[in-house]
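Reading through the structure tokens given below for one structure.
The values are calculated or read from the model by the stated rules, or taken from the named source; none is laboratory data. Being a predicted model, the structure only gives us computed values, none of them experimental. With ligands, DNA and RNA removed, areas are computed over all heavy atoms of the protein, side chains included. Shrake-Rupley method; radii C 1.70, N 1.55, O 1.52, S 1.80 Å.
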Amino acid sequence: VDLSFVHGMVQSRDDRRVVQSIIGIAQQFDLATIAEGVENEVTLDLLRELGADYAQGFHLGRPAPLATGPT
């Protein structure tokens with residue numbers, strides 16, 4: 001789910017409806033959903049309530065460099 005909708009879904013009923021619709025469509029096709037741009041606990045809780053499967057964003061962890069060679 002694109003972060004442009006995730007960022008606004010706590011304040012915007014329209015954004016929340018878009019997120020809910022995307023999650024619902026994905027569930028109908030047995031697809032997992034990944035919500036981008038999760039930056040706070042309120043957003044994460046709402047995504048859980050709406051049935052998202054995965055989330056990513058600064059609230060969960062900062063981006064990290066990929067390993068560039070054998071360890």
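Order the following by accessible area, largest value first: 36, 49. Probe radius 1.4 Å; ligands, DNA and RNA are ignored.
Ranking 36, 49 by accessible area, largest first, yields 49, 36.
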Acute angle (nearest 10 degrees) that the helix 41-50 long axis makes with the longest principal axis of the chain, alpha-carbon atoms: 60
Acute angle (nearest 10 degrees) that the helix 13-28 long axis makes with the longest principal axis of the chain, alpha-carbon atoms: 80
For 3, 66, 31, 50, give me the order by solvent-accessible area with a 1.4 Å probe, most accessible first, ignoring ligands, DNA and RNA. 66, 31, 3, 50
Which label belongs to the value computed from this structure, given these candidates for Rg and Dmax of the Cα atoms in Å: (i) 12.6, 37; (ii) 12.6, 39; (iii) 13.7, 47? (iii)
